[in-house]
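First up is the structure itself, then whatever we jot down about it.
The values are calculated or read from the model by the stated rules, or taken from the named source; none is laboratory data. These numbers come from a predicted model, not from an experiment. Neighbour counts are summed over all protein chains in view; Cβ atoms, including those assigned to glycine, are modelled from backbone coordinates with ideal geometry.
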Ligand SMILES: Nc1ncnc2c1ncn2[C@@H]1O[C@H](COP(=O)(O)OP(=O)(O)OP(=O)(O)O)[C@@H](O)[C@H]1O
Ligand SMILES: [Mg+2]
């Protein structure tokens, strides 16, 4: 049992390695993944400035622009990942290895988190400097907590999608691309989610980024609480629940899909 | 050690549902494996030989826990693949011909390291094994090459190393030399052979399309067609079984029409052909009841206006065994 545990840890590290080390090997990402998001962030900043929106909005937008790196990673490098791994033949090899499939997903997620953090960090730093953002952090502890919970829940969601899409073909790919833009809107990447109205904002809270962003804004800016959606502790509670829910759900989804795939023969069927 | 047998299957069946559009047969099912019962001893290099769609890959997928059988039993090292897949996985690995696994941005060394970690092998040991194996397969200078930049031959050599690196008890090789040039497939075969020889309890189950490969490598082999095992024996015994028959090869000018009529010639037990377009010739391969029947064959040829370029009586090869059982050549 102990050796099994060790092997799974090794598997997580090895799978994360691909993202962390190799993912940053080609320097071209600096342009496509830092400069480009900064440009779209800048566009929103100028719109708000032109409209004389409160000062905080600039900070909100920069935070949203930075967090979009996580969303892109979860969509393209998590949710669609198992489908892609199946196409190139890696899924077979993961499945025949004496490890939990969750280790592969966890490796993918932790590697993806580091990978996205490098990008998010760059956007955040550059954006804060260029637009001279004025932070007024109320509570560092809870700010950090909400960020971490948001990430766990978000990557949990990615793991769930990955399992669900495992045995499907291109449909999955299209499904994933359908999510990209609407979530930018629904989760309030570039404006306080409260503006969507209670029902819509609450529905959007199923996507962990919604409350994650809202909570971080409440805690990082002076007037953040006024523009916040729910009570900060409630948001923390909901995010904690989503964390557990998505992790457990992805575990079962993985088992279910693997079994279904082995029964129907779709687990290893390629190029469909 | 749990069993003397590396692999045992008993009445193993697997069928697949066809997609609606393809439902020609009334039940909409295609049978990939049909009551397959095989035993492979530990230490054997065992071959599965069969035409496209025979069920070779399906069998390997079931044994490697990627697919469930429809009925029947399959044991790997005495362990039921359906009931305890996690125990089976500790003992096996698999390499497929033309495999594109891994990540293009990783180097050969990194890729091999990554896959070895799924088996919990300490990094220090992995490093030694990688060096050793790269050397054996003459690939040292590619250790730091990104795998996206490897030629398909080098890539397949790396895949082979990946299969061996976790030192499995039983290795499944699905057409490991598919599409490789003569030199590289020779290297790969040599490596496989050496591994089985050096490790007397280790087992390889290999599928192939290449008769010569099966003949050279395998201790025993099973010929399978349409999901059924037709015969299972050592290559030399299989060839011996044809000794009493007369095997003739006749070369004629390129002949593409009406080849089926040779099957009907009296005394012909089986017939296959191979077009040699670059020479403008067709090689006709006959297995006859006895030598005297050859006159019936040449008679039919001359009736048809075909000129015989060469005619020879040959020692039966594995291919002839295949033809006599399956009723056609592998390339047909
Ligand atoms: N996942 C699947 N879904 C549906 N049908 C399948 C599936 N896998 C295999 N088959 C069918 O089962 C039969 C056996 O296929 P299999 O791949 O085992 O043959 P094979 O002997 O490996 O052939 P080849 O030499 O072409 O690799 C074929 O008719 C194939 O179409
Ligand atoms: Mg096959």
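Tabulated results
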read-out	value
Meets criteria (crowded, with 20+ Cβ neighbours inside 10 Å, away from ligand 1 (no atom under 16 Å from the Cβ) and more than 20 Å from residue A:105 (Cα to Cα)) for residue A:195	no
From the options A:51, A:38, A:63, A:91, residue that is farther than 30 Å from residue B:92 by Cβ and either modelled with pLDDT under 85 or more than 21 Å from the chain's Cα centre (by Cα) (or both)	A:51
Helices (runs of 4 or more DSSP H) within segment A:13-130 that include 1 or more residues under 17 Å from residue A:209 (Cα atoms) and out of contact with any helix residue (DSSP H, G or I) (no Cβ under 7 Å at 6 or more places or on another chain)	A:56-74, A:101-130
Flag if residue A:175 is within 20 Å of residue A:44 (Cβ to Cβ) and surrounded by fewer than 17 Cβ atoms within 10 Å (Cβ to Cβ)	no
Residue match in segment A:239-256 (condition: within 16 Å of ligand 2 (Cβ to nearest atom) and within 14 Å of another protein chain (Cβ to nearest Cβ))	no
Candidate set: segment B:50-72, residues that are away from ligand 2 (no atom under 16 Å from the Cβ) and either free of Cβ contacts under 8 Å to residues at least 12 places away in the same chain or farther than 15 Å from residue B:227 by Cα (or both); chosen: the one farthest from the chain's Cα centre (by Cα)	B:68
In segment B:289-332, the residues that are more than 26 Å from residue B:241 (Cα to Cα) and surrounded by 12 or more Cβ atoms within 10 Å (Cβ to Cβ)	B:300, B:301, B:304, B:306, B:308, B:309
Single residue of B:102, B:55, B:72, B:78 found to be on the phi > 0 side of the Ramachandran plot and at the interface with chain A (Cβ under 8 Å from one of its Cβ atoms)	B:102
Single residue of B:31, B:58 found to be more than 18 Å from residue A:267 (Cβ to Cβ), buried (at least 18 other Cβ atoms within 10 Å of the Cβ) and within 14 Å of ligand 1 (Cβ to nearest atom)	B:31
Single residue of B:125, B:161, B:147 found to be within 14 Å of chain A (Cβ to nearest Cβ), more than 16 Å from ligand 2 (Cβ to nearest atom) and under 23 Å from the mean Cα position of the chain (by Cα)	B:161
Residue within segment B:95-103 that is within 16 Å of ligand 2 (Cβ to nearest atom), crowded, with 23+ Cβ neighbours inside 10 Å, at pLDDT below 95 and in a loop (DSSP other than H, G, I, E, B) present	yes
Single condition residue B:207 does not satisfy, out of (1) more than 14 Å from chain A (Cβ to nearest Cβ); (2) over 25 Å from residue B:317 (Cα atoms); (3) within 16 Å of ligand 2 (Cβ to nearest atom)	(2)
Test: residue in segment B:84-107 that is within 25 Å of residue B:178 (Cβ to Cβ), within 11 Å of ligand 1 (Cβ to nearest atom) and out of contact with any strand residue (DSSP E or B) (no Cβ under 9 Å at 6 or more places or on another chain)	yes
